[in-house]
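Take a look at the structure below.
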Amino acid sequence: MGFATVFSVALLFMSCKDNYQRVGEEALPNLVPQGVAKNFTLTYTEAMKEMGTQDSAESKVVVVLTSPLNENYENLKFKHQIFPKGLQVDFYDDQNRKSIIMADYAMVYSATKLIDLQGNVVLESHDGKKLETSQLYWDRSANWIFTEHEFTYTNPEDQTVMDGEGMDFNRDFTFFNAHKTFGLMTIKDE
């Protein structure tokens, strides 16, 4: 009788299986960041000259990123980081001139090196050029910035203000392509 009871109990446990189909919110995996940083500051520097294994050299600040909150999801299959309370990124060129990007929210995709900036996005170059839009993408590998949303671009050098929808450009505004422009635009005559 002991063998039959053990066999019956083992058979009962082997046949039990969860066949419940989860849908909606219940089906979503629980996404937990591997790290959370408050009052986050990241300073990226580069050596001013190539260094050997025993060298020490001066470095220069290239980028300073600050944010009240950073959530790091690099532990997931689709690696990314989010800045749910916004961020500010200060860029410094070779002459140490500072340009700034600010946004209410940002997501950094690690594998694709794409940054998605959202909500009151403002990009100000060191020479006063200013771009304002609701969403902006920055492809770090190509150093290319683009949006399909409405924008306002102000160039104090030429005393022009341009409104439009959709644009792409390089980081220092030396190449600029507006897809559609509208409204009043003043162009300086040379």
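Bear in mind that the values in this text are calculations on the coordinates, not laboratory data. None of these values were measured; they are calculated from a predicted model. Here the Cβ is made from the backbone with ideal geometry for all residues, glycine too, and neighbour counts use every protein chain on show.
Structure above, values below:
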item: Positive minus negative residues near Gly164 (Lys, Arg vs Asp, Glu; Cβ under 15 Å); result: -3
item: Difference of contour (0.36 nm per residue) and Cα-Cα distance, Thr181 to Thr41; result: 46.7 nm
item: Net charge over other residues, Cβ less than 15 angstrom from the Cβ of Gly119 (K, R count +1; D, E count -1); result: -3
item: Using a Förster distance of 25 Å, the FRET efficiency for Glu74-Asn170 (Cβ separation, nearest 0.05); result: 0.35
item: Full-stretch length increase - Lys49, Val32 - with 0.36 nm per residue and alpha-carbon distance subtracted; result: 2.1 nm
item: Global form of segment 85-124, assessed from the alpha-carbon gyration tensor, a/c cut-off 1.5; result: oblate
item: Environment charge of Tyr105, counting only residues whose C-beta is closer than 14 Å and scoring Lys/Arg +1, Asp/Glu -1; result: -2
item: In segment 71-102, the trypsin sites (Lys or Arg not before Pro) that fall in loop regions by DSSP, at most 13 other Cβ within 10 Å; result: Lys77, Arg97
item: Set of segment 86-110 residues, backbone N closer than 15 Å to the point 7 Å along the Cα-Cβ line of Lys130; result: 99-103
item: Whether segment 132-180 is rounded, prolate or oblate, judged on the alpha carbon gyration tensor where a/c under 1.5 counts as rounded; result: oblate
